[in-house]
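Written out below as structure tokens is the structure these notes cover.
The values are calculated or read from the model by the stated rules, or taken from the named source; none is laboratory data. As the structure is a computational prediction, the values presented were derived from the model and not from experiment. Because the Cβ atoms are built from the backbone with ideal geometry, glycine has one as well, and the counts that use them run over all protein chains shown.
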């Protein structure tokens, strides 16, 4: 293997050398190629690109009653929740569901303090490389990190699963359902995953979002938005569709759209597009 004679190549440089399409001669199917591409792009990602933003963090206050925390875990749908004092700019740590269950099954569920079962979290800057955080999580065995700015304020959250999903794609467990891909938030308003199928969106809204000739080319909401714009949109960007709906990007990173808000426009606004 020929490498530049400068410094010792990094792990990722070595991997890139082996998997360059033009030189490897290895024929990969689409899924395998996507996995390789994701792995090669991973060390270029920064934490701010993949973190859950502050507004979307599900967390619990350190003085919460233990017998009420079970409902918080069910509502959040996570096995770990950050713990804070007052607000998320004063984090205490995190609580794991497996540490909570023994308390809930004992006679201490109304007297035990949450602080007694709180675990440590990592604190990282938004500029940190994703691969550096992955290594740090592996070494410390701490699988949750809070992203803090230069003033100590909390910007977001990253878990080990978030990092792994950047390489292998979305990880679904037995509790994940397709209904999580689309949630109605109000009259003619929805929140949707970019992976939602166009067919499901059209069924829910009663509208048609793609021409008949495009049906074989675009299958997901994220694919539709990318096709219309020709690029990955930024968070907060709003796109109006001629079907009378507008899409607002709620979460995205440099490589993909994650979640969107969908609203039906009134007739006057729709006629202007």
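For the range 56-83, which positions are assigned to a helix (DSSP H, G or I) and either over 21 Å from the mean Cα position of the chain (by Cα) or surrounded by fewer than 16 Cβ atoms within 10 Å (Cβ to Cβ) (or both)?
Those that are assigned to a helix (DSSP H, G or I) and either over 21 Å from the mean Cα position of the chain (by Cα) or surrounded by fewer than 16 Cβ atoms within 10 Å (Cβ to Cβ) (or both): 56, 66, 67, 68, 69, 70, 71, 74, 75, 76.
Restricting to the range 84-101, and then to whatever is surrounded by fewer than 14 Cβ atoms within 10 Å (Cβ to Cβ) and more than 15 Å from residue 65 (Cα to Cα), can you tell me which residue is modelled with the lowest pLDDT?
Applying the filter and picking the extreme gives 98.
Hey, among 239, 261, 196, which residue is in contact with a helix residue (DSSP H, G or I) (Cβ under 6 Å, 6 or more places away or on another chain) and modelled with pLDDT of 80 or more?
196
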